[in-house]
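Read the structure below first, then the notes.
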Amino acid sequence: MVAVKQWVENMRLDRRKALFGTFCLCCLPTIGRTAAFKVEEVAPGVFIRRGVDEDATPQNRDAIANIGFIVGRDSVLVTDSGGSLGDGLWLRETIKATTAKPIKYVVLSHIHPDHIFGAAAFVPDDPVFIGHAKLRAALETRGEFYRDKLSEIIGVDQVGPLVRPTLEIADGGEVDLGGRIIGFKAHGPAHTMCDLSMLDRQSGLLLPADLLFVSRIPALDGSLLGWLKELETLKAMGAAKAVPGHGAVCVDFARAASDLTRYLTVLRDGVRTQIKQDGSLQQAIKTVGAAERSNWLLFDDYNVRNVTQAYKELEWE
Amino acid sequence: MKILGKVSVVALGILVSSGPLRADDQSEREARWKDIETSLFGARVVQNGDGVIALDAPVRADDASLVPMGITLSAKQPVKSLYLVIDDNPAPVAAHYTFGPAADPREIKMRVRVNTYTNVHVVAELADGTLLETEKFVKASGGCSAPMGMSDEEAMKGMGEMRVKFAGDATPSKPVDATLMVRHPNFNGMQMNQLTRMYTPARYIQTIAVSDGPQKVFDLETGISLASNPVINFAFVPTGKGQLKVDVTDSENSHWEKTVPVPTLSN
Ligand SMILES: [Zn+2]
């Protein structure tokens, strides 16, 4: 808490520098791409920016996740803040250009850098930062590590400080944007150990963040079996449309969930078969998932890692 | 830190980058290996073992905290001991196996942490004292300081639990493939808790001894380069006594043992 307050102070003192100096959008070497970014209104009052299907680079400023905001009668909720301070500042400017309503809530959907490092840009708005009850512990073990690694790629000024949740969701919860209720669900180990999903009750739109990947290969960092289970929980919510953490900004949920389920099932069954046949991790890495290669972007960058994660989880079954 | 090329940050704590290897790095690496070689073997000559030893290591480690290493040996005479050295890790000697009469050191697989771009060396010592080496260059980063992704308490759950799996039934005097799994976080003292700014104290496996009845399969000396929840694939020649015994000790002097029946073909 003290750290955040202190940072707000610094942010105020540094505001000029922040807005006109280091973080000034027009001075960043990424103007072309930044200008190309825009939010799309996927349901009335729900605006989402499509992240690029790349890994973090100095050029994309880690703006690789789908982020955006929901406007209610009285206030605004940020669905995810972005992958860097620059990305978060861009989103904040976009919100201010769209509505004069105050930003009251900022969601930290899970621990991954591309979803949390934009949060610092919203500290001056003094919003409630909403996260899974296990997010804080995850930030303690990994936050600084992510910050260092991202700094190496895009520069420490671009990364900004870590922000911790001020409202922790242990199971379910909701906030009211003024006649517009947003429901939250804290999930068990799945994509990560701290995945939070959201449902906009007004539009019926589901926002599962990285519990749903579209086009881009899913990254497994929690539990394979858990993810398959949580997908069933999400399906039971009955939403027709969803905003995935990566890929097209709004998709048919049942279809996208079944594509993801298929990949995770291929992973599970392939790894189990390898373990049963005394295939080593080396062997599993070379073979499992190959049939899915043409279905996902960045497959070669993540499949081996996913197989490794799955193997580690399933070999103790 | 070297200039990073392509780096993956979206998904996991471990970063992999690919960039060109500079010439001065090359000579630095050679000097480093010379140092390690001298400290391990003194003035003894280490010969090129290509063709006798093969090291299967990924060129690019997708998960630097869990890098699979496969060592294959086709020595005509018995192999006495084997070293796996990760040159640029904080403690380079990841494993030192001393084989006993029940060993079949054709193939060993294990998983290690790799901290940075580094050469990985395998040195085999034959019965007559001949030393043979082979090397591979591995691109990885952050494997030693990578957070575990869970709390220390969670990581220590079930510490010392072991499993031994056999590939099929054993026939006396014919080699059997076995897999040893040990639950242990293998904290290497380089993982930091951000709030307290304290490093999780090192606590890691130091020795693993495997015997088949009275016959030694191997003694393994290891340390902080071993991945957490270590898994070792090895082969041994069953004596027919039908009991495989595993002894594990860690740096806190905790000791765990497990004896499992070797499934034998009844004829
Ligand atoms: Zn994620």
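Numbers at a glance
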item: Proximal lysines relative to A:LYS96, as straight alpha-carbon distance under 29 Å, when same-chain residues fewer than 8 apart are discounted; result: A:LYS5, A:LYS17, A:LYS38, A:LYS104, A:LYS185, A:LYS241
item: Phi-based couplings in Hz for segment A:210-218 (Karplus 6.51, -1.76, 1.60; Gly and Pro marked x); result: 7, 5, 10, 10, 10, 6, 7, 4, x
item: Whole-Hz couplings from phi, Karplus 6.51/-1.76/1.60, listed for segment A:173-180; x for Gly and Pro; result: x, 8, 10, 10, 8, x, x, 9
item: Point-to-point label distance, A:SER258-A:ALA290, nm (Cα→Cβ direction, 7 Å offset); result: 2.7 nm
item: Separation of alpha-carbon centers, segment A:176-237 and segment B:20-99, rounded to whole Å; result: 45 Å
item: Length-normalised contact order for chain B - Cα pairs under 8 Å, 6+ apart - percent; result: 19 percent
item: FRET E, pair B:ASP25, A:ARG201, Förster distance 45 Å, beta-carbon r, rounded to 0.05; result: 0.20
item: Average beta-carbon neighbours from other chains, 10 Å sphere, peptide B:55-62; result: 3
item: Three principal axis lengths of the protein assembly as shown [C-alpha, angstrom, descending]; result: 82, 55, 43
item: Distance between modelled label sites at B:ALA167 and A:ALA100, nm, 7 Å Cα→Cβ extension; result: 7.3 nm
item: All Cα pairs of segment A:2-252, percent lying beyond 26 Å; result: 32 percent
item: For A:THR265, net neighbour charge (Lys/Arg +1, Asp/Glu -1) across residues whose Cβ lies under 15 Å away; result: -1
item: Packing rank of A:189-201, B:236-248, B:86-98, A:285-297, where each peptide gets the mean count of other beta carbons within 10 Å, highest leading; result: A:189-201, B:86-98, B:236-248, A:285-297
item: Shielding of A:135-148 by partner chains, average beta-carbon count, 10 Å; result: 5
item: Cut-off under 5 Å, modelled amide H: who pairs with A:ASP210 long-range; result: A:GLY245
item: Beta bridge orientation in chain A: antiparallel %, DSSP, nearest 5; result: 65 percent
item: Point-to-point label distance, A:LYS235-B:GLU257, nm (Cα→Cβ direction, 7 Å offset); result: 5.0 nm
item: Distant-in-sequence amide H partners of B:GLY160 (H built 1.01 Å from N, under 5 Å); result: B:ARG183, B:HIS184
item: Set of lysines with alpha-carbon distance to A:LYS149 below 21 Å, sequence-local pairs under 8 removed; result: B:LYS2, B:LYS6, B:LYS139
item: In degrees, nearest ten, helix A:299-314 long axis to first principal axis of chain A (Cα); result: 70 degrees
item: Filter on B:LYS165/B:LYS258; B:LYS136/B:LYS157; B:LYS136/B:LYS258; A:LYS286/B:LYS109; A:LYS312/B:LYS76; A:LYS276/A:LYS312 - keep pairs with C-alpha separation over 24 Å; result: B:LYS136/B:LYS157; B:LYS136/B:LYS258; A:LYS312/B:LYS76
item: 3J(HN,Hα) from dihedral phi, segment B:26-35, Karplus parametrisation 6.51/-1.76/1.60, rounded to Hz, x for glycine, proline; result: 4, 6, 4, 5, 5, 5, 4, 5, 4, 4
item: Nonlocal amide H pairs with A:ILE64, under 5 Å, H built at 1.01 Å; result: A:VAL52, A:GLY83
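Bear in mind that the values in this text are calculations on the coordinates, not laboratory data. Since this is a predicted model, take the numbers as computed values, not measurements. Counting neighbours? That spans all protein chains shown, and the Cβs are built from the backbone with ideal geometry, glycine included.
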